[in-house]
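The structure appears below as structure tokens.
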Amino acid sequence: MKRYRNVAVIKKRINKVVCNGCGREIPLHSDYLAIDKTWGYGSEYDGERHCLDLCSDCYTRLIKGLKIPPEIK
């Protein structure tokens with residue numbers, strides 16, 4: 001016969017999101033750009049993982065500075 005016991009499980013939940021561009025807190029139910037990139041072999045950032053979040057204002061500033069804007073569908 002198997003006997004069981006309850007075990008507590010700790011889960012991570014987002015407590016707050018802060019924009020990497022301007023430093024302002026992004027409301028939890030707002031939309032924002034989240035980037036999670038692991039750089040491959042031979043790149044300047046070989047093997048590093050970069051994570052960042054941008055609010056819509058900072059994303060707008062970012063894309064305005066691009067030579068080729070993102071494709072919007």
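Run lengths n ≥ 4 of DSSP H only: what is the helix-derived mean residue ellipticity at 222 nm for the chain, with -39500 (n - 2.57) per run over all residues, to the nearest 500? Don't jump to the answer; show the numbers that get you there.
On the way: 1 runs with 9 residues, N = 73.
Result for the chain: -3500 deg cm²/dmol, rounded to the nearest 500.
Using only alpha carbon pairs under 8 Å that are at least six residues apart, calculate the relative contact order of the chain and give it in whole percent. Kindly include the intermediate steps, with their values, before the conclusion.
On the way: 71 pairs, mean separation 18.0, N = 73.
RCO, the chain: 25 percent.
Tell me which residues come under 5 Å, amide H to amide H, from residue 26 once H is placed; ignore anything under 5 positions away on its chain.
17, 18, 19
Only four residue types carry charge here, +1 at the Cβ of Lys and Arg and -1 at the Cβ of Asp and Glu. Report the dipole size of the chain about the Cα centre in Debye, rounded to the nearest 20.
Values: 14 positive and 9 negative charges, 142 e Å.
For this selection, approximately 680 debye.
Please quote Rg/Rh for the chain to two decimal places, taking the Kirkwood radius as Rh and restricting both calculations to Cα atoms. Walk me through the numbers before you get to the answer.
Values: Rg = 19.1 Å, Rh = 15.8 Å.
Ratio of gyration radius to Kirkwood radius for the chain: 1.21.
Listed highest first by mean packing, meaning other Cβ atoms within 10 Å per residue, what order do 29-41, 47-59, 3-15 come in? Kindly include the intermediate steps, with their values, before the conclusion.
On the way: 29-41: 10.3, 47-59: 14.1, 3-15: 4.8.
In descending order of packing, they fall as 47-59, 29-41, 3-15.
Between residue 39 and residue 62, with labels modelled 7 Å along Cα→Cβ, what's the label distance in nm to one decimal, could you check?
A separation of 1.6 nm, rounded to one decimal place.
When the Cα atoms of the range 1-41 are enclosed in a convex hull and the volume is divided per residue, what value in Å³ results? Show your work: numbers first, answer last.
Numbers: hull volume 7.5 nm³, N = 41.
Once divided by residue count, the hull of the range 1-41 is 182 Å³.
Take a quick pass over the chain and tell me how many lysine pairs come in under 25 angstrom between Cα atoms, counting only ones 8 or more apart or on separate chains.
On the way: 11/37; 12/37; 16/37; 37/64; 37/67; 37/73; 64/73.
So the count of such lysine pairs works out to 7.
Values in this text are rule-based calculations from the coordinates and carry no lab data. Small disclaimer: the values here were computed from a predicted structure and weren't measured. When we count neighbours, we look across all protein chains shown, and the Cβ atoms used for this are built from the backbone with ideal geometry, even at glycine.
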